[in-house]
Amino acid sequence: MNIIVRPAVIEDADLIVYFVKQLAIFEKHDPSLVRLTPEKVRADGFSANPQFRVLIAESDLGQPVGFALFFSKYSTWEAVSGLYIEELYVEEEYRGMNIGEQLVSAVCQIAVEQDSARVELSVLDWNPARGFYEKLGMVYESEWLLYRMERASIVSNAVGS
């Protein structure tokens, strides 16, 4: 089976939401907690100033089998942007067919074209894909710890609160 990786189009909004919910299930979360809607995908991913970009992997028969959602982030040390892969998902029956590698490779091609210094992602500690990422040359950054502030804390810490 041949795989085609293509940029998402606005008509893929429902598919993108589907893939995000499938990833939530894989990550052992309730997909009903995913707030992303097709309307938000269209507004945030396909506006004049898109917040993210998406690549879709399809079989040569046009069957969507995976996706990568990514966005730019700026490195002050490198003084150029990088890309952060927020979501990378391949349907279970298509795993092991190098589809994830093709998606990452397509993101890397975009990174090369825009002279990005880095491509980064986060992965759960139990996810068997960690070996896959390391095989691609990604390095586990054990010195860096992810900290996250949720909406309630954001509001309470905002200027003027």
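The values are calculated or read from the model by the stated rules, or taken from the named source; none is laboratory data. Note that the structure is predicted; figures quoted are calculated from it, not measured. As a convention, Cβ positions derive from the backbone with ideal geometry for all residues, glycine included, and neighbour counts pool all protein chains shown. SASA here: full protein model, heavy atoms, side chains in, ligands and nucleic acids out. Shrake-Rupley method; radii C 1.70, N 1.55, O 1.52, S 1.80 Å.
Quick notes on this one:
- Selection from Leu103, Ala79, Val9 lying farthest towards where the dipole of the chain points positive, charges on Cβ: Ala79
- Val104 accessible area, 1.4 Å probe, all protein chains in place, Å² to nearest 10: 10
- Mean projected area in nm² (Cα convex hull; one quarter of hull surface) for the stretch 22-134: 8.6
- With every protein chain in place, the chain: carbon and sulfur % of accessible area (1.4 Å): 53
- Modelled label reach - Gln63, point 7 Å along Cα→Cβ, the stretch 98-133 residues with backbone N closer than 17 Å: 98-100
- The lysines whose alpha-carbon is closer than 30 Å to the alpha-carbon of Lys40, local same-chain residues fewer than 8 away aside, are Lys21, Lys28, Lys73.
- Of all DSSP bridge pairs formed entirely within the chain, close to 90 percent run antiparallel.
- Cβ-Cβ FRET estimate between Ser105 and Asn49, R0 fixed at 41 Å, reported to 0.05: 0.95
- Modelled spin labels at Leu124 and Arg6, positioned 7 Å past Cα toward Cβ, are 3.1 nm from each other.
- In this structure, Met149 and Phe71 have a Cβ-Cβ separation that, at R0 = 30 Å, corresponds to a calculated FRET efficiency of about 0.95.
- Spin-label model, Val80/Tyr18: points 7 Å from Cα along the beta carbon direction are separated by 3.7 nm.
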